[in-house]
1. Run the 1.4 Å probe and let me know the accessible area of GLU117, rounded to the nearest 10 Å².
2. Rounded to the nearest 0.05, what FRET efficiency is calculated for ASP14 and GLU173 with R0 set to 30 Å and r the Cβ-Cβ distance?
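The values are calculated or read from the model by the stated rules, or taken from the named source; none is laboratory data. Computed from a predicted model, the values in this text were never measured in an experiment. When we count neighbours, we look across all protein chains shown, and the Cβ atoms used for this are built from the backbone with ideal geometry, even at glycine. Quick note on the areas: whole protein, heavy atoms, side chains included, nothing else; ligands and nucleic acids left out. Shrake-Rupley method; radii C 1.70, N 1.55, O 1.52, S 1.80 Å.
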Amino acid sequence: MRIVIAEDSVLLLDGLARLLRSEGHGVATYRTAEPMVAALSRDGAELPDLLVTDVRMPPSHTDEGLRAAVHLRSVHPDLPVLVLSQYVEQRYAAELFAAGTRGLGYVLKDRVADVEEFLAAVDRVASGGTVLDPEVVSQVLARSRSDLGGLTRREREVLALMAEGLSNAAIAERLVVGLPAVEKHVTNILTKLGLPPDADTHRRVLAVLRWLDLNGDLR
């Protein structure tokens with residue numbers, strides 16, 4: 001697999017490149033976003049199987065990495081992108097997933113310390129899946145206080161557990177209720193948040209992001 005990494009930290013960039021190359025992947029690296037965007041935007045450019053990018057990069061160290069990812073996805077909608085961030089950046093997550101969730105991920109850099117989990121995220125996003133770090137959403141959900149589109153108290157509890165990445169079975173065990181009850185709550189949540197069935201999107205991820213957006217935490 002061909003992977004492009006955009007990361008301004010020399011140590012992290014070198015570590016990621018070594019890790020991925022040890023797994024048999026071809027890796028190209030950039031310490032700033034601009035030359036990476038130029039290389040992947042030119043006519044006839046061979047796109048990588050995955051772009052791994054930091055959010056904050058030179059020169060301003062604000063959102064250059066994210067803006068580069070958003071731009072490249074607008075030009076190449078099928079380009080898989082895995083964003084790494086040092087902190088929970090709510091509005092960045094919203095921008096990343098605004099146009100859909102296929103082949104997209106948002107992982108905290110602390111997760112890189114868990115090699116197997118990071119490599120699993122790389123494989124999942126590269127194959128068109130979605131990875132949204134539970135910590136990204138759980139920290140924001142803790143700040144949410146509004147009505148959340150008419151969800152009941154129990155539905156909010158279920159959605160919070162969905163944000164932690166729990167399956168329906170795990171949620172049922174946590175809440176000490178039957179699996180059919182949880183499935184009914186999940187269906188109600190998706191319906192109330194206006195998320196119809198769509199085989200090309202991850203409805204659970206969209207439900208969490210819609211909740212955050214309703215509260216203005218991701219704007």
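1. Only protein atoms counted, so the area is about 80 Å².
2. On the way: r = 42 Å, r/R0 = 1.39.
According to the calculation, E is roughly 0.10.
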